Each structure stands twice: as structure tokens, then as C-alpha cells.
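Structure in C-alpha cells, see below.
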Amino acid sequence: MDRKFVSLCQLALAARKTARGDALIPSIQKGQARLVLYSSLCGANRKKKIADKCSFYQIPALEVPAQLFEQIHSGVGSALAICDQGFADKLQELMKE
């Protein structure tokens with residue numbers, strides 16, 4: 001499961017179907033984000049802000065273990081939004097397994 005999850009996330013990054021950094025919150029507010037992934041090492045304030053925005057705009061958010069998130073995204077950052085419905089659906093399906 002982990003390898004498929006990481007590969008799919010990396011594919012979404014390569015396809016530029018993600019938002020991260022300063023573009024994360026605006027993508028949630030504009031309805032572009034379909035799924036938000038954040039690291040378990042994400043700070044408490046950041047987690048709360050992401051959770052509040054996602055619940056208000058009805059976008060699913062998943063906490064990903066830190067080791068797994070580091071494999072997905074090697075750069076600085078603790079959260080990313082998947083902006084494609086197909087990727088989002090498949091990632092949610094993989095997380096349920």
C-alpha cells in the first residue's frame with residue numbers, strides 16, 4: 001500500500017495536479033483541492049488551520065505518517081493538496097486498505 005500511495009502522489013506532483021506552500025489554502029478556498037494530505041509532523045496551528053478550512057469547504061484531509069510524507073515530497077513543506085479528482089479518489093481508496 002505504501003509504495004502505491006507514494007508512487008501515485010509523486011505522479012500527481014509530476015503532472016502538476018497539486019498545490020503546496022502558499023498556494024495550499026487558496027486552492028482549498030477556491031474549490032480546486034480535492035484532497036489534502038499533511039504530515040504527522042505538521043505543527044499544531046497548521047494542522048488546525050488545514051482541518052478547519054477543509055471541514056468548512058467539505059474537502060477530505062488525511063494525516064500521513066511523517067516517513068511516508070518525506071518519501072512523497074522531499075522539499076520543505078508539511079502539506080499538499082491534490083487537485084485532480086481521479087488522483088484524490090484513488091489515494092483515498094489506498095488509505096482505506
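Counting pairs of Cα atoms in the chain, how many percent are more than 24 Å apart?
Across the chain, Cα pairs with separations above 24 Å total 10 percent.
Run the reach check for K96 against aspartates and glutamates, Cα to Cα strictly under 16 Å, same-chain hits fewer than 8 apart removed. What comes back?
Partners found: D2, E63.
Tell me, what is the per residue accessible area of the stretch 9-97 in Å², probe radius 1.4 Å?
For the stretch 9-97, the per-residue accessible area is 58 Å².
Per DSSP helix of 4 or more residues, -39500 (n - 2.57); summed, then divided by the residues of the chain. What does that give at 222 nm, rounded to the nearest 500?
It comes out at -15500 deg cm²/dmol, rounded to the nearest 500.
Measure off, as a whole percent, the carbon and sulfur share of the 1.4 Å-probe accessible area of the chain, all protein chains present.
Of all accessible area on the chain, carbon and sulfur atoms account for 48 percent.
With both partners inside the chain, how many of the DSSP beta bridges are antiparallel, as a percent to the nearest 5?
Roughly 65 percent of the beta bridges in the chain run antiparallel, per DSSP.
From largest to smallest, what semi-axes in whole angstrom does the stretch 1-43 give when each is the square root of 5 times an eigenvalue of its alpha carbon gyration tensor?
19, 14, 9
Sticking with this structure for a sec: Of the options Q92, T18, A66, report the single residue whose Cα projects farthest towards the positive end of the charge dipole of the chain (beta-carbon charges: Lys, Arg +1; Asp, Glu -1).
T18
The values are calculated or read from the model by the stated rules, or taken from the named source; none is laboratory data. Everything numeric in this text was worked out from a predicted model, so none of it was measured. A quick note on method: Cβ atoms are made from the backbone with ideal geometry, for glycine too, and the neighbour counts reach across all protein chains shown. Surface accessibility is based on the protein's heavy atoms, side chains included, excluding ligands, DNA and RNA. Shrake-Rupley method; radii C 1.70, N 1.55, O 1.52, S 1.80 Å.
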